[in-house]
1. What number, rounded to the nearest 500 deg cm²/dmol, is the helix-based mean residue ellipticity at 222 nm of the chain, given -39500 (n - 2.57) per DSSP H run of at least four residues and division by all its residues?
2. Starting from 0.36 nm per residue, how many nanometres of slack lie between SER111 and TRP78 once their C-alpha separation is accounted for?
3. Classify the range 1-84 from the C-alpha gyration tensor, please: rounded if a/c falls under 1.5, else prolate or oblate depending on whether a/b exceeds b/c.
4. Can you tell me the FRET efficiency between ILE148 and GLU22 if r is taken as the Cβ-Cβ distance and R0 is 45 Å, rounded to the nearest 0.05?
5. Calculate the spin-label point distance for LYS165 paired with GLU94, positioning each point 7 Å from the Cα along the beta-carbon direction, and give it in nanometres.
6. Could you give the nm distance between label points at ARG54 and ILE130, where each point is 7 Å from its Cα heading toward the beta carbon?
Amino acid sequence: MSQPLPLSLIVITRDAAHELAECLASAPFAAEAVVVDSGSRDDTVAIAQRAGARVVDHAFEGYGPQKNFAVAQAGNDWVLCIDVLEHIEPAYLETVLLDLGGITKRFGFFSIATGPAGKTLPDGRNAHLIQKPSSWWLPRLCEHFEIIQLGRDPHGFWVITEPRKQ
């Protein structure tokens, strides 16, 4: 891709040196990368800077407030938020979708892997904790969002959403 998309990649971090380079490299199409760090004691900040990300230091106030602060740092209207580990605990999926539905003001973009990741978590589990097909995911997404567009990618699928109409 010759021109980056007018999109800001947002990653919140703390002591994420082992995962951050791969995470940032996964979105080369973004016009900017913003890493909001909450006091890392490892090489997280240096890795982010070497990757070309703009680093903003901000004390951690909880995931919701931290993500909202991070999104406010974006220089583009379109924002892609990626968790540095790129995983959701299955027991918290409904809560995560509910929270995302609450903070999505106009549009959302979700890229969902449906198979195993190439990395494992410190406890030995695969980083893609929920390895389910799109037929499992879509009803759950539709409970919280209107699906505008759906597409496939080599590792799963993606959706563009808007808030559910009341």
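1. Details: 5 runs with 46 residues, N = 166.
Per the formula, -8000 deg cm²/dmol.
2. Once the chain is fully extended between SER111 and TRP78, it gains 10.4 nm.
3. Oblate, since a/c reaches 1.5 and b/c is not below a/b.
4. Between ILE148 and GLU22 the formula returns 0.95.
5. 2.7
6. Between ARG54 and ILE130, the label points sit 3.1 nm apart.
No value in this document is a laboratory result; all are computed from the given coordinates. Quick caveat, the model's predicted, so the values are computed rather than measured. Note that each Cβ is placed from the backbone with ideal geometry, even for glycine, and that neighbours are counted across all protein chains shown.
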